[in-house]
Amino acid sequence: MRRLILMRHAKSDWSQGASDHDRPLNPRGHRAAAALGDWLRQVAALPDAVLCSTAQRTRDTLDGLALPDETRVTYSRALYLASAEDILAVLRAAKGKCLLLLAHNPGIATAAAQFLRAAPDHGKFQRYPSGATLVAEFEIDDWVHADWGKANARHFTVPRDL
């Protein structure tokens, strides 16, 4: 079995005039990232590996999660504004039994919906707002076998739930 955590970056700060790639989190986003890290610990879904977009807001979200130091982190430019198909391609090359993939809408929302056999019963799932996080399980032994419609949702939350 493989566990995938699909997380959209937390709320970013549009006020600084930074380029899209360099936009940081706003104060609410920093609080949300910390809360999401606590939630991952509560539901026993700490990843052993992370694939993270190179954008500043995804890096800031990852930092806020306060994951254990031994968590392997790979930053991938391919995840910056990636489509669902791009996300699937990156995932298929991944290593680790529990993987956090941190990226952007609309690709992350589309990938979350397409990976699942059935969507979770949550009013915010389709919109996948900032900080939305899905924990899904695949009955596979290697990420190369990941595909659409093959995962079961185990947990889903958004920062406002926390």
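Only the coordinates and a few stated rules stand behind these numbers; no lab work does. This one's a predicted model, so the numbers in the text were calculated from it and none came from an experiment. Here the Cβ positions follow ideal geometry from the backbone for every residue, glycine too, while neighbour counts run over all protein chains shown.
So here's what we get for this one:
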{"quantity": "Lys pairs, the chain - Cα-Cα below 22 angstrom, 8 or more residues apart or on other chains", "calculated": "4"}
{"quantity": "Neighbour net charge for residue 150 - beta-carbon separation under 9 angstrom, K R +1, D E -1", "calculated": "-1"}
{"quantity": "Cα pair distances exceeding 30 angstrom across the chain, given as percent", "calculated": "6"}
{"quantity": "Helix axis angle, 27-42 relative to the chain longest principal axis, alpha carbon, degrees", "calculated": "30"}
{"quantity": "Charge dipole magnitude, Cβ of K and R +1, D and E -1 - the chain, Cα centre, debye nearest 20", "calculated": "300"}
{"quantity": "Between segment 54-96 and segment 98-162, the Cα center-to-center distance that results, in Å", "calculated": "14"}
{"quantity": "Restricting segment 68-141 to GluC sites (Glu not before Pro) in coil, as DSSP defines it, with at most 14 other Cβ within 10 Å", "calculated": "70, 139"}
{"quantity": "Dimensionless Rg over Rh [segment 62-132; C-alpha; Kirkwood]", "calculated": "0.96"}
{"quantity": "Sum of side-chain charges, residue 109 neighbourhood, beta-carbon under 15 Å (Lys, Arg +1; Asp, Glu -1)", "calculated": "+1"}
{"quantity": "Neighbour-limited loop hits for chymotrypsin sites (Phe, Trp or Tyr not before Pro), segment 1-110 (at most 12 other Cβ within 10 Å; DSSP other than H, G, I, E, B)", "calculated": "14"}
{"quantity": "Structure-based [θ]222 nm, the chain - -39500 (n - 2.57) summed over DSSP H runs of at least 4, per residue, nearest 500", "calculated": "-8000 deg cm²/dmol"}
{"quantity": "Restricting segment 131-162 to chymotrypsin sites (Phe, Trp or Tyr not before Pro) in coil, as DSSP defines it, with at most 15 other Cβ within 10 Å", "calculated": "148"}
{"quantity": "Environment charge of residue 25, counting only residues whose C-beta is closer than 13 Å and scoring Lys/Arg +1, Asp/Glu -1", "calculated": "+3"}
{"quantity": "For segment 73-81, Karplus couplings with θ = phi - 60° (6.51, -1.76, 1.60), whole Hz, Gly/Pro x", "calculated": "10, 10, 9, 10, 5, 4, 8, 6, 6"}
